[in-house]
Each structure stands twice: as structure tokens, then as C-alpha cells.
Amino acid sequence: MNDDLSEELADLDTDPALAVAVLEIEKHAAGLGWDQAGRLYALVDTAELVRREPALASAMGLDDASADGSLTPVEQEQLPQDRFESTLATITWGPEVAGCAAVVERLVLPPDADDDIPDDPTAAAAYAAQHPDRQEVRMVVGVMRDGSSYCAMRLRAHDDDHSVVGGADLVPELIELLGATLEDPEDEDDR
């Protein structure tokens, strides 16, 4: 991690390893360009990955020195784009996964447009696509088993690394969906 990023993250009330992983995923997504399908990542403890899968870690350029206190994003199979969120709700991660992250692109409308959005999902999507004040945004959201989260957002209209906005709770609905994938189903039975 570079020193500028380390200092910036030290001021945040978040898990620095999670923030670094989310920002790495965001930078990777930015390199792929816009109009990409949503992506899902398992976040694994890098030291544990190096210990459990030394050949894979070596192929990824990871070693004991790079492993301490970091997370490695592992991209998963692509989810159906027309049902990304609903499919996400059916996923449960094994204990070897420390957290997870998702990348999605969405249209965002100004708050004053809320009253005019049609109830029908198809009509709502058409309305959003035609709205003159719409903004295209790429959101990268990461969540850990302990409930900590970090989000990074980039607007298409301000598509440069210095305009990426970060914070712990920028996309609450996606944080909640991702967090649910990390819950132990047995814990829910105890409620």
C-alpha cells in the first residue's frame, strides 16, 4: 500500500485492509471501462491464502511479506445481470471467506425525481434512462464478517481516480445484501 493511501485510510473509521481491497477492485473495474456486468468477489485473508494455497499465491505474486494484514479479492462466477441482487440474496459464503465485495453500475436520479418514478420496474428503468439529470455511477461495496464495510463510488461524468468517493456507508442496501451472504445460517436458526 502506498504511503499516501496509508495516511488517508488511517484517518478513516474503517478496516484499512477492507478499504484497500475495495479501492483495488475499483481501480481494476475502472480499467475495464464502463458498461460492464456486475461482479462479485470473495475477500480472503492473504496470509491464510498463502498458507493454504501456496501455488496459487505464488502465481498471484503473493508471499508472506505481502500477506500480513491484507485481503485478496477473488472474483467469482458472473451472476445473472437481470437478477444480480436477487441472486446475491441466495449466496452463502464458507468460513474461509473473510468478507465479500460487489461491483455494480447504476443510474442515479436526483432526489426531486423520486415522486415521478413509475411503480412498474420496467417503466421505472425506462424513466431513469431518459431522465435528463441522471448520473451513471459505479459502486464497489465491501463487507466483512464483523459488519465493517467500505464503499467506493465513481461517476461516469467524473471518470478519474481523484474523483472516486469513499466511505463506510455510501450504499446501505448493497451493504445489507452483502452482509447477509456472510451470516451463518445456523445463527439465524438460533434467533
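The values are calculated or read from the model by the stated rules, or taken from the named source; none is laboratory data. What you see is a predicted model; the values in this text were computed from it and never measured. For neighbour counting, all protein chains shown are included, and Cβ atoms are generated from backbone atoms with ideal geometry for every residue, glycine included. Remember, those area values only see protein heavy atoms, side chains included, never the ligands or the DNA or RNA. Shrake-Rupley method; radii C 1.70, N 1.55, O 1.52, S 1.80 Å.
Quick notes on this one:
- Pairs, first free of Cβ contacts under 8 Å to residues at least 12 places away in the same chain in segment 154-182, second open to solvent by 30 Å² or more (accessible area, probe 1.4 Å), C-beta under 8 Å, six or more apart: 163/155
- Residue, farthest from residue 177 (Cα to Cα), within segment 77-91, restricted to residues that are in a helix (DSSP H, G or I) and not acidic (Asp, Glu): 81
- Some residue of segment 143-150 being out of contact with any helix residue (DSSP H, G or I) (no Cβ under 9 Å at 6 or more places or on another chain), of a type in the set (Phe, Trp, Tyr), under 20 Å from residue 26 (Cα atoms) and surrounded by 15 or more Cβ atoms within 10 Å (Cβ to Cβ): no
- Boolean, residue 176 is out of contact with any strand residue (DSSP E or B) (no Cβ under 8 Å at 6 or more places or on another chain), open to solvent by 70 Å² or more (accessible area, probe 1.4 Å) and either modelled with pLDDT of 95 or more or part of a loop (DSSP other than H, G, I, E, B) (or both): yes
- Top-ranked residue in segment 98-120 [being within 24 Å of the chain's Cα centre (by Cα) and farther than 17 Å from residue 75 by Cα; ranked as surrounded by the fewest Cβ atoms within 10 Å (Cβ to Cβ)]: 111
- Any hit, segment 29-44, residues being surrounded by 13 or more Cβ atoms within 10 Å (Cβ to Cβ) and either over 18 Å from the mean Cα position of the chain (by Cα) or farther than 26 Å from residue 176 by Cβ (or both): no
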